[in-house]
Amino acid sequence: MGGTGTLRFCGGHGIQLIVSRRDPAFREDPVWGFTVFRKLPPAQDERNPYWAYLVAPADGRDGTSPGQVLRFAANRVKLLPTGAADSGQQQPWTVPVEYGTLVKLYDFIKIGGATDTRPSGQSLSLTARLEVELADPALPFRVHECRYADSRGDTSRNCVGLVNRFAAGRRIQSIEDGFPFTAKLTSPSRVKPSGQQFDVAVYAFKQGEDGRARGGERRQAKHAVAFTVNGQLHAGWHSRFFKRQGVNLSLLAEDLLVVVDCSKLSDEGIRELFTGGRDRMIDDSPLRTWLEKELEEVLGADQRLRGLHHARLDARRRSERGRRAKAAAEIVQRLLADNKALADYLAGGALPIGHGPVGPSASSGFKEFIGYDPPTFFKLRGKDRQNAQIGKPCAVSFTTDAVNGYFDQGQHLLTLDKQPKPLIRESLHDGRASIRFEMPEGAVAGDHISARLESSGPGLLTPFVNEFTIVAIDQRDTQSGPETSTEPPSGFDLPEAEAVRKRDWKQEGFTETTGARFIPDADPSQNLWQWNYDHPFLVEARRRPDARDSADALEVLNERFKNSMLVIGLSALSAHAAAQDAAKKSENGESAALPDPADWVAIATDALAPVVFPIIEFGEAITPAYLDADG
């Protein structure tokens, strides 16, 4: 809007006073400069009014050259207001200052209270709205609103912008632990203009006793996703964005603020993304379409957000867990058991090794992450040979002990077959990092592409180096939706699963009641499955005479238990997908809140793990002879 953008809100005459002086430490004998902006009626032969500012007349004035901003000498000038002790009203032009800049807006429209930051409908106070519009200003500024009588006799406020306000010490009181987290996005070659860089910061506000977000009232719902250029708001998306199917964070919709810094965009990128007024986005911009999908994936796949969403669903989840556990117990009670451990379990007795609730326990939540600067390792997660579909971005995950944000001051250099390849996304949060890049042009199914990633940062003597192989595969037909879909594959092509032994229970968040766990990844090919190698009912089955003396028999038991857990887990994912389809969207198109697929897997496998072997045995016992005997 430029420097005159505020003048149309300054009454009928649009008057604005500007007084400024540099710090004397930077210049000998500095003087004060001042001018007045105002709206003037149309000049002769003109149709529209115009804006003008005051300068020295043609013959100069008091040592000021003609046409220059008016000046005067003074050590101090009374510019700022102060509050009266008796009335609480502010008295303007009473506090002297030696240097600085004052902008006085005459007859400016009244917005909310002087320092009130609470929303009134969809409106915020002037200072709160300024902190939204200037989310990350180059310098802080102080607003004095002299037209209101504040109950504390103080109607002035420092404005530092939303980004800086929640980065300060007070953010601990209002921001959830582990936030904000950051991500970097770069538009790929298929999106024009390519190579456009976006820095994303995600803030999650704590909820107060009244259920409202602490600090979340400082942002309006229409600016829940704020796009800034050089600290100034250029566009915003409504909080409904978080309720989309691809994001599915409906319970956090009023508690999230996402700031997308677009300052690194080229001039072409700015023109392609924002309208000429710099207050909204171009609806049919290919860059916007790509950015929208990327943000959906970043938010929808983040495990910290998913965990926070789980916490908000905790009471509902416990109720669901109890209902499912009861249903599972009723199923088990109809089974005929032939071992003491199962009989004790069905009778409500203790488990062979302790006891605990069905489903994720309190100890299986997120553990506090302690990072290092500089880190001591950054290594590939999973196998060193990974499949990637032709025509789709390739995602690779890593584990590290780097502090969050460490690589913001460093860089990742990727080469494919010794040719540099730019990244289109990189993220780091609580020890898990990921990168995303495009497959080389001309790649065909079966190609083995050598990849090398060098990761450097402040304080590292040598970069971390990871080498791996990308195997190009044909692009499979997939259902529409985000790539983070957790829907199981058709048939029973069981995924690989990691065995978690008792010594690793605490580290992996397992207990004696845990059956299996499903940990989704931004790249579905990197989804992680784990199963409890030392589940007490599996351990007891291994102690049977027919299994104890035979390595083959032990291996059969292990495979039966593991595969049963995977089949149950995949069935739970199918049930979750069906439940999502059945839970039709509300009138405004927002999906109903459901526990996450990972929770469905945990609830199902924990409930059925004790009866895996009895079900198998009784199934084998039902033969034609059994049916004849029954007849």
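The values are calculated or read from the model by the stated rules, or taken from the named source; none is laboratory data. This is a predicted model, so every value here is computed, not measured. All Cβ positions, even for glycine, are placed from backbone atoms using ideal geometry, and neighbour counts span all protein chains on display. Side chains are part of the model used for accessible areas, which takes the heavy atoms of the whole protein and leaves out ligands, DNA and RNA. Shrake-Rupley method; radii C 1.70, N 1.55, O 1.52, S 1.80 Å.
Under the combined filter of DSSP loop state and at most 12 neighbouring Cβ atoms within 10 Å, segment 11-62 retains these trypsin sites (Lys or Arg not before Pro): R27, R47. Accessible-area rank, largest first, for R501, R548: R548, R501, with all protein chains present and a 1.4 angstrom probe. Do any of K264/K379; K392/K421; K192/K264; K379/K562 go past 24 Å between their Cα atoms, and which? Beyond 24 Å between Cα atoms: K264/K379; K379/K562.
What you get for segment 406-480, charging only the Cβ of Lys and Arg (+1) and of Asp and Glu (-1), is a dipole of about 120 debye around the Cα centre.
Taking a ≥ b ≥ c as the square roots of the eigenvalues of the Cα gyration tensor, segment 407-448 is classed as prolate, since a/c reaches at least 1.5 and a/b is larger than b/c. Computed with a 1.4 Å probe on the full set of protein chains, the accessible area for C394 sits at about 0 Å². Per-residue surface analysis assigns H429 an accessible area of about 30 Å², computed on protein heavy atoms at 1.4 Å probe radius. About the centre of its Cα atoms, segment 246-303 shows a dipole size close to 180 debye [charges on the beta carbon of Lys, Arg (+1) and Asp, Glu (-1) only; nearest 20 debye]. Rounded, prolate or oblate: which fits segment 1-61 when a ≥ b ≥ c are the square roots of the eigenvalues of the alpha-carbon gyration tensor, with rounded for a/c under 1.5 and prolate only if a/b beats b/c? Taking the square roots of the gyration eigenvalues as a ≥ b ≥ c, segment 1-61 is oblate. Accessible area ranking (1.4 Å probe, heavy atoms, ligands and nucleic acids excluded), largest first, for R142, R278, R542: R142, R278, R542.
Solvent-accessible surface of protein heavy atoms, probed at 1.4 angstrom with all chains present, puts I568, I109, I424 in the order I109, I568, I424, largest first. Anisotropy class assigned to segment 363-455 is prolate, per the alpha carbon gyration tensor with a/c at or over the 1.5 cut-off and a/b larger than b/c. Highest-first packing order for the peptide set 94-102, 385-393 is 385-393, 94-102, based on the mean count of other beta carbon atoms within 10 Å. A simple packing score, the average count of other Cβ atoms within 10 Å per residue, orders the peptides 596-603, 7-14 as 596-603, 7-14, with the highest score first.
In this structure D45 has an accessible area near 150 Å², from a 1.4 Å probe over the protein heavy atoms.
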